[in-house]
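Every read-out reported here was derived from the displayed coordinates using simple, explicitly stated rules and does not represent laboratory data. All values reported here derive from a predicted model rather than from experimental measurement. All Cβ positions, glycine included, derive from the backbone under ideal geometry; neighbour counts span all protein chains shown.
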Amino acid sequence: MYQIGAFSKMVGMTVKTLRYYHEIGLLIPSKIDETSGYRYYSADEFIRAQRISLLKSLNFTLPEIHEVLLHLEDERDLHAYLQEKKVQLDIQIRELKSVQKSIQVHLEQEVLLMTEQKYTFEIREMPEQEVASVRYSGRYDEMGIYIKQLFKAVGGSVAGTPFAMYYDEEFKEEGADIEVCVPVKKSINKGSVTSRVLEASRCLVTTHVGPYDVLHFGYKAMQDEIAIRGLTSLRPTREVYEKGPGMLLKGNPEKYRTQIIFPIETE
């Protein structure tokens, strides 16, 4: 048996840490003296403490360590847990790299982020229009998949700029109701890509210049303008991609041009 002070030195953990691990049930002493309250640890706790230190150094959280030690029977179990943790870390690394890239973009566009664009607005009568489209439920960043599918089905019948229609009232991380469209010269019916005629509508229109990650400035400006004019907006709203990334290369996001179109109630 080892008193807590000596055990602390043996395992490289502070007495405070050992007491905390005892409180949460992660590393319980073999014996506690009823009179003095002293904690005593055995060789079994020494092995457990070594495993805790190892797992902690490999970025396991305390709840994860508790679960691993609860079910750990042999080295094969440990190998399985380490493999699972490696997969989790690979995902986290990809996510962190994506965040790092976004930070760099924001640093490069600091002026754009600090000040909103000057948006101009017009009320426009949108004519009846035949389009080929794919409607899906999913994430906004999946749109490129469906645009490629759309252009492949339409081929040489494209008659205008692609656009997306958004049917939801609010932002959604998953399950957004989106229809990707492109004007066509003739009707198309290939798998999930079908043609239909969009009815004429009266819309408030503005244009956003710049990357998509600051497109929210355009939406704010649009909502402000609707309030100023006392208009009532309808759905679906549209984004028309006048200039954006190509099928293979992204180009210069600073020069992307996106029309934001809100249908409005007619008097």
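Ignoring everything except DSSP H segments at least 4 long, calculate the 222 nm mean residue ellipticity for the chain; use -39,500 (n - 2.57) per segment, divide by total residues, nearest 500. Write out the running numbers ahead of the final one.
Working: 8 runs with 107 residues, N = 267.
Computed ellipticity for the chain at 222 nm equals -13000 deg cm²/dmol.
What residues qualify as long-range amide H neighbours of Arg202, i.e. H under 5 Å apart, gap of 5 or more or another chain, H built at 1.01 Å from N?
Met126, Ile264
With the Cα gyration tensor of segment 2-72 in hand, give its eigenvalues times 5 under a square root as the equivalent ellipsoid semi-axes, listed largest first in whole angstrom.
On the way: eigenvalues 88, 30, 22 Å².
In descending order, the three semi-axes are 21, 12, 11 Å.
Exposure proxy check: Met143, Met10 ranked by fewest other beta carbons within 10 Å?
On the way: Met143 20, Met10 14.
Final ranking by Cβ density, sparse to dense: Met10, Met143.
How about segment 1-55: which chymotrypsin sites (Phe, Trp or Tyr not before Pro) there are in a DSSP loop, with at most 15 other Cβ atoms within 10 Å of their Cβ?
Loop-located and lightly packed - Tyr38.
If we count other beta carbons within 10 Å of each Cβ, what is the order of Asp44, Asp213, fewest first? If you can, show how the numbers build up before the last one.
Details: Asp44 9, Asp213 13.
Taking fewest neighbouring Cβ atoms as first place, the list is Asp44, Asp213.
For segment 114-263, with equal point scatterers placed on the C-alpha atoms only and solvent neglected, what are the log10 I(q)/I(0) values from the Debye formula at q = 0.12, 0.15, 0.16 1/Å, to two decimals?
Here the Debye-derived log intensity ratios amount to -0.51, -0.82, -0.93.
Trypsin sites (Lys or Arg not before Pro), restricted to segment 97-195: which are DSSP loop and have at most 11 other Cβ atoms within 10 Å?
Passing both the DSSP loop test and the Cβ count: Lys118, Lys186.
Please give the helix 143-154 orientation as an angle from the longest Cα principal axis of the chain, in degrees from 0 to 90, rounded to the nearest 10.
That works out to roughly 40 degrees.
Fewest first, what order do Leu198, Leu58 take by the number of other Cβ atoms within 10 Å?
Ranking Leu198, Leu58 by Cβ neighbours within 10 Å, fewest first, gives Leu58, Leu198.
Note down the net charge around Glu142, summing +1 for each Lys or Arg and -1 for each Asp or Glu among other residues with Cβ under 15 Å from its Cβ.
-3
With the Cα gyration tensor of segment 92-201 in hand, give its eigenvalues times 5 under a square root as the equivalent ellipsoid semi-axes, listed largest first in whole angstrom. Walk me through the numbers before you get to the answer.
Values: eigenvalues 191, 85, 38 Å².
Each semi-axis is √(5λ); the values are 31, 21, 14 Å.
Sorted from largest down, what three extents in whole angstroms do the Cα atoms of segment 203-267 have along their principal axes?
That works out to 44, 18, 12 Å along the principal axes.
Could you run the Debye sum over the Cα atoms of the chain, one equal point scatterer each and no solvent, and tell me log10 of I(q)/I(0) at q = 0.07, 0.11, 0.16 Å⁻¹, two decimals?
-0.50, -0.75, -1.21
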